[in-house]
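Note sheet for the following structure.
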Amino acid sequence: MSYLSLTDADREAMLEAIGVGSIDDLFDQVPAGVRFERELDVPPALSEVELMRHLEELAARNAHFGTELSFLGAGIYDHYVPAVIDAFLARGEFLTAYTPYQPEMSQGVLQAIFEYQTAICELTGMDVSNASGYDGTTVAADACFVAKHTSDRSKVVLAETLNPQVRQVVKTYARGFGLEVVEVPHDGGVTDPDRIRAAAADAAAVVFQQPNFFGCLEPAPDLAAAASEAGAHAIAHVDLMSLGLLEAPGAYGCAMAIGEGQSVGCPPLYGGPHYGFFAARQEFIRRMPGRIVGETVDEDGQRGYVLTLQTREQHIRREKATSNMTTNQTLLALAGLFTLCWLGPQGLREVGETCVALAEHAKAALHGRGFELAFPERTTFKEFAVRVPRPAREVIREARARGVHPGYAIGRDYEGLDDVLLVTVTEKRVPADIERLADVLAEVSG
């Protein structure tokens, strides 16, 4: 525990410096009628040893991947984070650096962000990337805002198979952005391009997820083409960890590629903090939210890095700003960069192949115990939806009592799917884990 000591002598010295006799004198201007005169009703102070024990007891109440065998995903995933990542992030240059407004003092951080942007562009097939966003939900709202201002249209189309939290955040921001939100229902776990084409007739953007929330692979090139034919910008919400295997959004005609970066470089962290990524074609660069680091040369011709195209509200007038969501998540985004460098292209592909193979093994193991897939005809990546003979929430509760978290209850967000469980299998699971999952589900579903 780090702390700053504060002695009575320190307090007296500070009071003397500002010219008052006591701490109470600092509140002379506060009317007596609004002062809180009694002692606070809080427990007595603890010693450091007692406080550490108390915090450990509180922390022990939390379930985590060390106490449960977990197959929970639904947007936040338990991928392996290399040990070297914490070593990098603990370096003071990265850990304590905030906005690198002074390039002459911040070349290391600026170059690291520039390399992050480059990696995101390479993975997504896009021309430009910002320095990151808060998470995969706010970058979706930002992308819709960009689409509105580059199309003069005020409607956005969301595939129902887009993460429910992403859809909800877009709807929340849509009220302030003056956007109409239309959702297109799924057909058997994926989105019909013809439905997208019809809904996008006067839309600024179409947002879909690949792989989608059910784990199924969407006909992404067809969805992007349907959006473009209707004059809407195609926006793909993608999982970085899948891009070692799946085609880049830029290759099938998307205008923007966005997503939650947590799967690369960040533990689940109880749901956050994480980082979002935002990449787009060159034509959108002056409307992109957040920070962008550019490469330049100094007066001696030496290569250097600077913040460029700064169009957030703190730099220009609010009504001309591209984003009012302010800062980014540089430290966590750099964790993503370092992880991608550690993996390399072949390593990223191998992780994807491992996820696919283990997920297929899990499907077979569950089928062997009588469970059926909710969308049996669909190809999946690392998640799949399986039907259980009881409400999924009850199954989850009883399985967790046996030390296994079997997945996410899709019925929380989709009507009529109360008996469907979303199972996630990453490279950290092994065949023995999958067999245990199948055995426990069979036991609690009987």
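Tabulated results
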{"item": "Those residues of segment 130-182 which are among the charged types (D, E, K, R) and in a loop (DSSP other than H, G, I, E, B), in sequence order", "result": "Asp135, Asp152, Arg153, Glu160"}
{"item": "Output for segment 171-185, where each listed residue is open to solvent by 10 Å² or more (accessible area, probe 1.4 Å) and over 16 Å from Asp413 (Cα atoms)", "result": "Thr172, Tyr173, Arg175, Gly176, Phe177, Gly178, Leu179, Glu180, Val181, Val182"}
{"item": "Some residue of segment 186-193 being touching a helix residue (DSSP H, G or I) at 6+ places or on another chain (Cβ under 8 Å), assigned to a helix (DSSP H, G or I) and open to solvent by 20 Å² or more (accessible area, probe 1.4 Å)", "result": "yes"}
{"item": "Selection from segment 348-383 of residues that are within 19 Å of Glu435 (Cβ to Cβ) and part of a loop (DSSP other than H, G, I, E, B)", "result": "Gly368, Arg369, Gly370, Phe371, Lys382"}
{"item": "Tally of residues being of a type in the set (Gly, Ala, Ser), under 14 Å from His64 (Cα atoms) and part of a helix (DSSP H, G or I) across segment 392-408", "result": "0"}
{"item": "Verdict on Gly21 being part of a loop (DSSP other than H, G, I, E, B) and within 30 Å of Ile434 (Cα to Cα)", "result": "no"}
{"item": "Residue, most open to solvent (accessible area, probe 1.4 Å), within segment 411-446, restricted to residues that are farther than 24 Å from Asn62 by Cβ and touching a Leu at 6+ places or on another chain (Cβ under 6 Å)", "result": "Gly411"}
{"item": "Test: residue in segment 35-44 that is surrounded by fewer than 19 Cβ atoms within 10 Å (Cβ to Cβ) and outside any loop (DSSP other than H, G, I, E, B)", "result": "no"}
{"item": "Selection status of Phe371, farther than 20 Å from Ile76 by Cβ, modelled with pLDDT of 95 or more and of a type outside the set (Gly, Ala, Ser)", "result": "yes"}
{"item": "Total residues in segment 234-251, condition open to solvent by less than 10 Å² (accessible area, probe 1.4 Å) and aliphatic (A, V, I, L, M)", "result": "6"}
{"item": "Among the residues listed as Ala257, Ala251, the single one being in contact (Cβ under 8 Å) with a residue 24 or more places away in the chain, under 24 Å from Gly347 (Cα atoms) and more than 20 Å from the chain's Cα centre (by Cα)", "result": "Ala251"}
{"item": "Which listed residue is farther than 20 Å from Ala74 by Cα, outside any helix (DSSP H, G or I) and either among the aliphatic types (A, V, I, L, M) or open to solvent by 10 Å² or more (accessible area, probe 1.4 Å) (or both), from Pro389, Pro345", "result": "Pro389"}
{"item": "Filter pass, Ala17 being over 30 Å from Arg53 (Cβ atoms), over 46 Å from the mean Cα position of the chain (by Cα) and surrounded by fewer than 10 Cβ atoms within 10 Å (Cβ to Cβ)", "result": "yes"}
{"item": "Test result for Phe88, within 19 Å of the chain's Cα centre (by Cα), modelled with pLDDT under 95, part of a helix (DSSP H, G or I) and at negative phi", "result": "no"}
{"item": "Matching option when the condition is part of a helix (DSSP H, G or I) and closer than 24 Å to Pro267 by Cβ, among Leu332, Leu441", "result": "Leu332"}
{"item": "Odd one out for Thr379, checked against (1) more than 16 Å from Ser445 (Cβ to Cβ); (2) β-branched (Val, Ile, Thr); (3) surrounded by 19 or more Cβ atoms within 10 Å (Cβ to Cβ)", "result": "(3)"}
{"item": "Test: residue in segment 46-69 that is touching a Leu at 6+ places or on another chain (Cβ under 8 Å), part of a loop (DSSP other than H, G, I, E, B) and of a type in the set (A, V, I, L, M)", "result": "no"}
{"item": "Counted residues, segment 1-14 - those being part of a loop (DSSP other than H, G, I, E, B) and open to solvent by 80 Å² or more (accessible area, probe 1.4 Å)", "result": "6"}
{"item": "Residue count, segment 200-217 (criterion: open to solvent by 10 Å² or more (accessible area, probe 1.4 Å) and closer than 19 Å to Tyr252 by Cβ)", "result": "4"}
{"item": "Exclusive hit being within 24 Å of Val170 (Cβ to Cβ), surrounded by fewer than 23 Cβ atoms within 10 Å (Cβ to Cβ) and not aromatic (Phe, Trp, Tyr), set Val81, Val128", "result": "Val128"}
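Quick grid of which residues meet (1) more than 12 Å from Phe145 (Cβ to Cβ); (2) open to solvent by 50 Å² or more (accessible area, probe 1.4 Å); (3) at pLDDT 70 or above; (4) assigned by TED's automatic domain parsing to the domain that holds Ala131:
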{"site": "Pro289", "(1), (2), (3), (4)": "no, no, yes, yes"}
{"site": "Ile292", "(1), (2), (3), (4)": "yes, no, yes, yes"}
{"site": "Glu295", "(1), (2), (3), (4)": "yes, yes, yes, yes"}
{"site": "Asp300", "(1), (2), (3), (4)": "yes, yes, yes, yes"}
{"site": "Tyr305", "(1), (2), (3), (4)": "yes, no, yes, yes"}
{"site": "Gln310", "(1), (2), (3), (4)": "yes, yes, yes, yes"}
{"site": "Glu319", "(1), (2), (3), (4)": "yes, yes, no, yes"}
{"site": "Thr322", "(1), (2), (3), (4)": "no, no, no, yes"}
{"site": "Thr326", "(1), (2), (3), (4)": "yes, yes, no, yes"}
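Let's see how each residue does on (1) open to solvent by 70 Å² or more (accessible area, probe 1.4 Å); (2) on the phi > 0 side of the Ramachandran plot; (3) more than 24 Å from the chain's Cα centre (by Cα); (4) not assigned by TED's automatic domain parsing to the domain that holds Lys382:
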{"residue": "Gly21", "(1), (2), (3), (4)": "no, no, yes, yes"}
{"residue": "Val30", "(1), (2), (3), (4)": "no, no, yes, yes"}
{"residue": "Glu50", "(1), (2), (3), (4)": "yes, no, yes, yes"}
{"residue": "Arg61", "(1), (2), (3), (4)": "yes, no, yes, yes"}
{"residue": "Phe94", "(1), (2), (3), (4)": "no, no, no, yes"}
{"residue": "Thr99", "(1), (2), (3), (4)": "no, no, no, yes"}
{"residue": "Glu104", "(1), (2), (3), (4)": "yes, no, yes, yes"}
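The values are calculated or read from the model by the stated rules, or taken from the named source; none is laboratory data. Quick caveat: nothing in here was measured; it's all calculated off a predicted structure. Methodologically, a virtual Cβ is constructed for each residue, glycine included, from the backbone with ideal geometry; neighbour enumeration extends over all protein chains shown. Just so you know, the surface numbers come from the protein's heavy atoms only, side chains and all, with ligands and any DNA or RNA stripped out. Shrake-Rupley method; radii C 1.70, N 1.55, O 1.52, S 1.80 Å.
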